[in-house]
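Structure first, commentary second.
The values are calculated or read from the model by the stated rules, or taken from the named source; none is laboratory data. Nothing here was measured: the structure is a model prediction, and the numbers come from that model. Note that each Cβ is placed from the backbone with ideal geometry, even for glycine, and that neighbours are counted across all protein chains shown.
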Amino acid sequence: MTTLPPRSGIHPAAATSPAAEYRTTTRENLITMALGWWLVGGLFLDGWAHNQFGETLETFFTPWHAVFYSGFLAVAGWCLFLASRGWRLGRRGLAAFPAGYALAGLGVPLFGVAGAGDLLWHTAFGIEVGVEALLSPTHLMLFGGALLILASPLVAVWSAPVGRSVPGGTRWVAVLSATSLLATTAFMHMYMWGLLMVPQGLGWVQTRGELSATLLTALIMTAPVLLLLRRFALPFGAITLMYTVTNLGMALMIMPGDWRVPLVALACGLLADLLQVTLRPSPVRVLSLRAFAFLLPLCVWVPYLGGAVRLGLSNLSLELWLGVAVMAGLGGLALSTLIVPPALPPEALED
């Protein structure tokens, strides 16, 4: 293995033969996430505009779209810059991207094509309102491209040849990436986000749709935490950050000025972080992982639903709100068996 001189312009981490692994540094992953959060911020800003102005939005060319698409251009340009170093090393195609960033290599063109398609779609059919704005084909493609880009730093640090107790910066890259994925997924499900039902006056949670929304939200919030725990020992505050940032964005977008949901998310996140420190769940400590997976949703839904009843914001019976919370916990337990499944006997691995 040879190292190129600094004046060559090749990053030291990439200064190897084309067959060697090309990896990003923690600083570079953090830059990706900073630019990725520009994109996510633009997404929520555009969602806020749709919720505030509704049918009065009659053009594709809005300040909100400008923030959203400029965020894409910034993070896409950065990812292509990273790929250009691999190209100079003789790598071609997706292999020119650093380890983990092949997803960005797919996400950037997908987002670009979807953005052009979105312009044509709005020109032909107008501006969507309500749920239609979330589920239009071009918007789903935009979401898909954004998720691929935002997941790249997580995949990069996930595949790094280090143990669970990696340096703090590396783990926070994973947390920030997972938070951006959680926030974007929450945005895509804003019409069924259970944590916004009580403040919006829908917190009676007595219809099948509202019950389903609560359970779906519980699964969405639990999944990224369990996924991270499969690979990393999470730093204290990781769950608090994930839950608070996601629900702050949702609240500012849908209920600007109402701080109840973000504060509840902050308290629930701290409770979950304390639980994680106490149980120390990991793929090796399977019983602790299963217990944590069951209790994590309870850390959110018992305070949220029970508190809503206590404050008179909901008329749920004890059986109903506590039953919904327990069902959410069972959903978390089921997720844990998918993320860390039971070991297979040797015979099951034979053809």
Residues of region 259-280 that turn out to be within 22 Å of the chain's Cα centre (by Cα) and in a loop (DSSP other than H, G, I, E, B), as a count: 1
Determine whether Val286 is touching a residue at least 12 places away in the same chain (Cβ under 8 Å) and crowded, with 23+ Cβ neighbours inside 10 Å. no
Residue check, Asp273 against (1) surrounded by fewer than 18 Cβ atoms within 10 Å (Cβ to Cβ); (2) within 29 Å of Val40 (Cβ to Cβ); (3) charged (D, E, K, R), all met but one. Which one? (1)
Across region 232-258, what is the total count of residues that are touching a Ser or Thr at 6+ places or on another chain (Cβ under 9 Å), part of a loop (DSSP other than H, G, I, E, B) and buried (at least 20 other Cβ atoms within 10 Å of the Cβ)? 1
Flag if Trp48 is surrounded by fewer than 22 Cβ atoms within 10 Å (Cβ to Cβ), modelled with pLDDT of 95 or more, farther than 18 Å from Met141 by Cα and not hydroxyl-bearing (Ser, Thr, Tyr): no
Search result, residues across region 53-74 that are of a type outside the set (Ser, Thr, Tyr), surrounded by 13 or more Cβ atoms within 10 Å (Cβ to Cβ), under 22 Å from Ala146 (Cα atoms) and modelled with pLDDT of 70 or more: Trp64, His65, Ala66, Val67, Phe68, Gly71, Phe72, Leu73, Ala74
Go through the residues of region 218-231 one by one and say whether even a single one is assigned to a helix (DSSP H, G or I), at pLDDT 95 or above and closer than 17 Å to Ala308 by Cα. yes
The listed residue being over 18 Å from Gly77 (Cβ atoms), in a helix (DSSP H, G or I) and either of a type in the set (Ser, Thr, Tyr) or out of contact with any strand residue (DSSP E or B) (no Cβ under 9 Å at 6 or more places or on another chain) (or both), out of Leu142, Leu147, Leu103: Leu147
Looking at region 308-327 only, could you name the residues that are without any contact (Cβ under 8 Å) to a residue 40 or more places away in the chain, surrounded by 17 or more Cβ atoms within 10 Å (Cβ to Cβ) and over 30 Å from Leu227 (Cα atoms)? Val309
Would you check if there is a residue in region 328-342 being crowded, with 17+ Cβ neighbours inside 10 Å and in a loop (DSSP other than H, G, I, E, B)? yes
Of residues in region 75-112 being of a type in the set (Gly, Ala, Ser), at pLDDT 95 or above and under 19 Å from the mean Cα position of the chain (by Cα), the one farthest from Arg27 (Cα to Cα): Gly107
